[in-house]
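The values are calculated or read from the model by the stated rules, or taken from the named source; none is laboratory data. Predicted model, so just to flag it, every value in this text is computed and none were measured. Heads up, the Cβs are rebuilt from the backbone with ideal geometry, glycines too, and the neighbour counts pull from every protein chain shown. What goes into the accessible areas is simple: the full protein's heavy atoms, side chains included, and nothing from ligands, DNA or RNA. Shrake-Rupley method; radii C 1.70, N 1.55, O 1.52, S 1.80 Å.
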Amino acid sequence: MSQSEIKKPLTVGIDNFFQFPLRVRMTTAIIPVGLIFLIGGLASPSWSRSELSQLGLWKYCIFSDIFTCCNNLPGGSPGWVKATIVFHIFGMLGGAVCLLVTIFTMCVSKFKFHTRVHHAIWISSALTVFCLAISVGIFSANYHKESWLSGHYTSAGFHITVCACVAFLAICVAMIIFSFQGHNRVQDIFNYMTPINWTKYNQDRSLEAWLSHIDPGLDKIEINEVSKREKDAIVQLINRTWKPHLAGQGRDAQQKGYSQMKVVKVERIENPSLFLKYAQNRHHLLRRLETSNRPFEFPGMTRHGPIETTANMNKNVFADIHPEINEHYLFHGTSDAIVRAIAYGGLDARLARDGMFGRGIYAAECPTKSDHYTGKDMLNLKMIVVRMLLGEVYVTNVQYAFQRPPCKQCILQTGHLGLCNNSAHKQDMFDSVMAAINGKHREFITYEQNSCSSYPEYIITYNRE
């Protein structure tokens with residue numbers, strides 16, 4: 001990005017402290033305190049003391065010569081004192097690594113919500129706890145056995161080292177609890193970050209920051225060819241979900257005489273304005289999920305099986321989706337003439353033609369189905385890989401022209417699929433429809449008119465062969 005596109009640099013670090021995930025804020029606040037305790041424990045002149053003398057790791061030992069220190073002690077430095085020092089220093093190193101990783105996480109936004117980075121924080125804090133526990137355990141088990149330390153009791157240095165151990169242990173336990181609760185996924189999404197694969201509008205800034213820092217007169221839409229890694233992942237997904245025996249078959253097919261699709265090019269659409277709407281809707285669904293404390297039900301999934309795109313995708317490449325709210329990558333067939341309009345304005349149900357299940361945004365888990373809607377040509381056809389927020393899905397095996405997803409209570413009470421006029425039911429609607437008729441291709445339909453239930457992310461150019 002050129003300098004002219006940026007109005008002012010993005011403020012990072014402490015100014016955005018309260019926008020970071022809870023686990024990052026917690027480790028950022030607690031780790032420095034733990035390290036201060038560790039330094040104090042090493043420097044303290046007193047780990048044990050009596051009325052006549054005191055023993056501390058620093059007072060009687062030279063840091064730069066650990067294994068020949070404490071020569072002024074009776075018989076030289078005991079092995080348990082050396083072991084206490086060594087494990088204490090290893091604990092300090094682990095705590096320092098933990099702090100550095102946390103600071104790095106805060107300052108480099110694309111790693112802010114990266115699972116492996118958070119694992120590094122957890123592992124380094126766990127190693128710190130392990131080393132400190134051994135150090136404290138060795139000292140407390142041996143100091144009272146030495147005749148030259150008779151009458152001694154533990155004091156300041158020992159106690160603050162125990163506090164440091166407890167602080168790092170609290171970090172480990174809290175991160176484990178949050179990971180099981182899934183709370184961080186809601187916290188992470190609150191910042192409305194761009195997807196991890198985006199390049200121009202990367203995760204160095206939030207979506208709001210990108211939109212506010214770019215000159216309004218400039219084109220904020222980027223359509224660029226993807227990396228080889230992304231292209232390979234999409235080609236692999238197509239190969240795994242393509243059904244050659246159904247290519248060109250059915251009443252929707254516009255061409256025959258081919259059995260596969262050959263990917264020529266894959267481009268990524270980076271539209272921060274459009275994705276912000278999508279991210280806000282995703283956050284709304286995650287909040288609903290947090291309130292209900294259970295994944296959204298998917299009626300009929302046991303009988304129909306999982307969504308094929310999610311089951312077959314490379315999760316190392318497509319890492320930032322939330323299947324627990326039924327967010328999935330799906331295929332959408334379209335014509336070359338309107339691809340750019342979709343990239344700018346998204347998929348809009350108001351512009352769609354009437355389909356078997358009403359006027360909505362249709363997508364499929366199988367590219368063979370979406371291929372039927374890309375035109376009659378054999379070369380340079382277009383297909384879009386779209387993110388869709390399906391939320392709570394109504395599964396139907398009968399044709400019905402929905403105007404919006406049906407009401408749960410109306411279906412339960414009367415089996416009625418049409419519009420619900422009961423104001424008491426307005427908060428109890430399905431979010432989307434899955435059509436599965438006679439074992440044919442499954443279709444997924446959303447009916448929102450503000451383009452926030454879907455985001456067109458990849459444009460596939462391909463040939464039929």
- The correct count of residues that are open to solvent by less than 10 Å² (accessible area, probe 1.4 Å) and more than 18 Å from R442 (Cα to Cα) in segment 348-362 is 1
- Task: Kindly list, by first and then second residue, each pair from a residue in segment 347-372 that is in a helix (DSSP H, G or I) to a residue that is at pLDDT 90 or above and among the basic types (K, R), limited to pairs with Cβ atoms under 7 Å and residues at least 6 apart or on different chains.
- Result: T368/K243
- Scanning segment 242-279 residue by residue, those open to solvent by 50 Å² or more (accessible area, probe 1.4 Å), of a type in the set (A, V, I, L, M, F, W, C) and touching a Leu at 6+ places or on another chain (Cβ under 9 Å) turn out to be V264
- Query: Could you say whether any residue in segment 314-324 is in a helix (DSSP H, G or I) and modelled with pLDDT under 90?
  - Reply: yes
- Members of segment 325-338 found to be part of a helix (DSSP H, G or I), surrounded by fewer than 20 Cβ atoms within 10 Å (Cβ to Cβ) and in contact (Cβ under 8 Å) with a residue 12 or more places away in the chain, listed by number: D336
- Message: I'd like the residue in segment 165-192 that is part of a helix (DSSP H, G or I) and not hydrophobic (A, V, I, L, M, F, W, C) and, out of all such residues, is modelled with the highest pLDDT.
- Response: S179
- Every residue from segment 386-402 that is in a loop (DSSP other than H, G, I, E, B) and more than 23 Å from the chain's Cα centre (by Cα): N397, V398, Q399, Y400, A401, F402
- Task: For K382, work out the one condition from (1) more than 29 Å from L417 (Cβ to Cβ); (2) open to solvent by 20 Å² or more (accessible area, probe 1.4 Å); (3) over 32 Å from the mean Cα position of the chain (by Cα) it doesn't fulfil.
- Result: (3)
- Of the numbered conditions (1) at pLDDT 85 or above; (2) in contact with a helix residue (DSSP H, G or I) (Cβ under 9 Å, 6 or more places away or on another chain); (3) surrounded by 14 or more Cβ atoms within 10 Å (Cβ to Cβ); (4) not hydrophobic (A, V, I, L, M, F, W, C), K408 satisfies every one except a single condition; which is it? (1)
- Here the qualifying pairs (Cβ atoms under 6 Å; residues six or more apart or on different chains; first in segment 453-465 and aromatic (F, W, Y); second outside any strand (DSSP E or B) and modelled with pLDDT of 95 or more) come out as none
- Item | segment 193-220 - residue that is part of a loop (DSSP other than H, G, I, E, B) and open to solvent by less than 20 Å² (accessible area, probe 1.4 Å) and, of those, modelled with the lowest pLDDT | Q203
- Note on the structure: The correct count of residues that are touching a residue at least 60 places away in the same chain (Cβ under 8 Å), assigned to a helix (DSSP H, G or I) and open to solvent by less than 40 Å² (accessible area, probe 1.4 Å) in segment 134-164 is 7
